[in-house]
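See below for the structure under consideration.
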Amino acid sequence: MYNELFCQDEGAGASIVLLHGFAEDGTVWDNQLEALQTAGRLIIPDLPGSGRSPLGGTTLSMESMADDVLALLDRRGIEKTILIGHSMGGYISLAFAARHPGRLNALGLFHSTAYPDSEEKKAIRRKAIEFIRANGSAPFIRQSTANLFSPLTRQHRPELIESVISRYANFAPDALIGYYEAMIARPDRTAVLREFNGPVLFILGKDDAIIPAQQVLEQSWMPAIAQIHIVPEAGHEAMLENPKLSNQLLLDFINFVSES
C-alpha cells in the first residue's frame, strides 16, 4: 500500500523530482522552485509525515518511501525522471535507483551518501529517538538545527537558522522517529553507484558536519558518469545557504542530462 504524497508540480517538459531530507518538507526547495521550473517539470513532494503528506499506517523505510515516489510518478504519467535527493532524500533516491533503475534518467545526491550508518552514527540516532520521545519535536529541532549550517552561516545569518527552526518546530514526533529508524536500517548502497548507467550528481558542503565532504569524495569515482561539486562556506543546507550557486549547479546538471 502506497502513501499518497502531496507535491508541488510546476513547469513543463522533462521531469525533475527533488526529495527533501530529514525534519524538512518540500518547502526546503523554495529557493530552487522558480529557477528550475524553467528547465523542466519540477515535482517536489512532501514525504510521508512531512508537510502536507500524512504519515499513514505503514512502517517507514527507504524502500517504502521510494515506492511512494514511484506511485506519485505513475499517477502523473511520468515514465522517467531526474531524481535528486537532499540528505535522507538521497538515501531514498538510492533505494529508488536500486529498485527502479529503468525509471531514472539521472540521479543526484545533495549532501548525501551511499554508505550505511556506522555503529557510532546509529547510537547517535538512537539517543535522538529517546530525546524526541521524552521531550517532543520542538526542543529537538531547536537543539539540532544549527549544526546543519556552516560556521559562517551560524555567525552571520542567525535569522536563517531561526526561520528553519520556526518552520519545522511542530514536526510530528512519530515521523521523526520513523525516519531515524529507517536511516538506521538502511543498507550500503555503493553498488547502486557502481551499477547505475546514467549520470550521477554529487553536491557537497565544504563545511558539512553531518556528511563530511571527504566521505562523499570517496564515492565519487564509483559511477561511470559523475559530476562533483563542493559548495564553499556551506554546511548541510547549501540550497538555503547558497541558493544562487546551488541553482546553477542543478541547472547545469539538468542541461547536461538533457543533452546526453
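For the range 199-260 and the range 112-174, write down the distance between their C-alpha centroids in whole Å.
Measuring centre to centre over Cα atoms gives 21 Å.
By how many nm would the segment from L251 to K206 lengthen if fully extended, with 0.36 nm per residue of separation less the alpha-carbon distance?
Computed gain between L251 and K206 is 14.2 nm.
Tabulate in residue order the Karplus-calculated ³J(HN,Hα) for the range 189-197, using 6.51 cos²θ - 1.76 cosθ + 1.60 with θ = phi - 60°, rounded to whole Hz; enter x for Gly and Pro.
Result, rounded to whole Hz: 10, 4, 4, 4, 4, 5, 9, 5, 8.
Per-residue counts of other Cβ atoms within 10 Å, averaged by peptide: what ranking do you get for 60-73, 117-130, highest first?
Output ranking for 60-73, 117-130: 60-73, 117-130.
Just want the answer: with Cβ charges of +1 for Lys and Arg and -1 for Asp and Glu, which residue in L251, M239, M62 is farthest toward the dipole's positive end in the chain?
Value computed over the given set: M62.
Once you have a ≥ b ≥ c as the square roots of the Cα gyration tensor eigenvalues for the range 171-242, tell me rounded if a/c is under 1.5, and otherwise prolate or oblate according to whether a/b is larger than b/c.
Since a/c reaches 1.5 but b/c is at least a/b, the shape of the range 171-242 is classed as oblate.
Using the Cβ atoms and a cut-off under 12 Å, what net charge is assigned to the surroundings of M239, where Lys and Arg are +1 and Asp and Glu are -1?
Residues near M239 contribute -3 overall.
Under a 5 Å amide H to amide H cut-off, with H placed in plane at 1.01 Å, what residues pair with A234 once short-range neighbours are removed?
Under 5 Å from the amide H of A234 lie the amide H atoms of K206, D207, each far enough along the sequence or on another chain.
With θ set to phi - 60°, apply the Karplus curve 6.51 cos²θ - 1.76 cosθ + 1.60 along the range 245-260 and write out the HN-Hα couplings as whole Hz, x wherever there is a Gly or Pro.
5, 4, 4, 5, 5, 5, 5, 4, 5, 4, 5, 4, 5, 5, 8, 6
Got a sec to turn the phi values of the range 55-70 into Karplus ³J(HN,Hα) couplings, 6.51 cos²θ - 1.76 cosθ + 1.60 with θ = phi - 60°, whole Hz, x for Gly and Pro?
For the range 55-70, the Karplus-derived couplings read 6, x, x, 8, 6, 6, 8, 4, 5, 5, 6, 4, 5, 4, 5, 4 Hz, x marking Gly and Pro.
So if each residue of separation counts as 0.36 nm, and I subtract the Cα-Cα distance between S166 and H100, what length gain in nm does that give?
20.2 nm
Between A71 and A35, what is the label-to-label distance in nm when each label sits 7 Å out along the Cα-to-Cβ direction?
With each label point 7 Å from Cα toward Cβ, the separation is 3.3 nm.
Using modelled amide H (1.01 Å from N, peptide plane; none on Pro or chain starts), what sits under 5 Å from the amide H of L201, excluding residues fewer than 5 places away?
Distant-sequence amide H within range of L201: L107, G108, L109, Q227.
Under 25 Å Cα to Cα from K121, which lysines show up? Leave out anything in the same chain fewer than 8 places away.
Of all the lysines, those that pass the test against K121 - Cα under 25 Å, at least 8 places apart if same chain - are K206.
Can you tell me the relative contact order of the chain? Whole percent, Cα pairs under 8 Å, sequence separation 6 or more.
Relative contact order, the chain: 20 percent.
Determine the percent antiparallel among the DSSP beta bridges restricted to the range 1-141, to the nearest 5.
Bridges in the range 1-141 that DSSP calls antiparallel: roughly 20 percent.
Going by amide H atoms built from the backbone, whose H comes under 5 Å of the H on F6, apart from near neighbours?
D46, S53
In nm, what is the difference between 0.36 nm times the number of residues separating A191 and R133 and their Cα-Cα distance?
Contour length minus Cα-Cα distance gives 17.4 nm.
If you take every DSSP beta bridge whose two residues both sit in the chain, what share of them, in percent to the nearest 5, is antiparallel?
If I count the DSSP bridges inside the chain, around 15 percent turn out antiparallel.
Which of rounded, prolate or oblate describes the range 129-199 when judged by the alpha-carbon gyration tensor and an a/c cut-off of 1.5?
Oblate, because a/c is 1.5 or more while a/b does not exceed b/c.
Which distance in nm do the two modelled labels at E10 and E259 give, with both placed 7 Å along the Cα-to-Cβ direction?
Reported label-point gap for E10 and E259 is 2.5 nm.
With a/c under 1.5 counting as rounded, go ahead and sort the range 79-211 into rounded, prolate or oblate using the C-alpha gyration tensor (a ≥ b ≥ c being the square roots of the eigenvalues; past the cut-off, prolate if a/b is larger than b/c, else oblate).
prolate
Could you sort the peptides 21-27, 166-172 by per-residue average Cβ neighbour count (10 Å cutoff), highest mean leading?
Top to bottom by mean Cβ count within 10 Å: 21-27, 166-172.
How far apart, in nm, are the 7 Å Cα→Cβ label points at I225 and E159?
That separation, rounded to one decimal, is 4.3 nm.
Every number here is computed from the coordinates shown, using simple stated rules; none is lab data. Given the structure is predicted, the values throughout are model-derived calculations rather than measurements. When we count neighbours, we look across all protein chains shown, and the Cβ atoms used for this are built from the backbone with ideal geometry, even at glycine.
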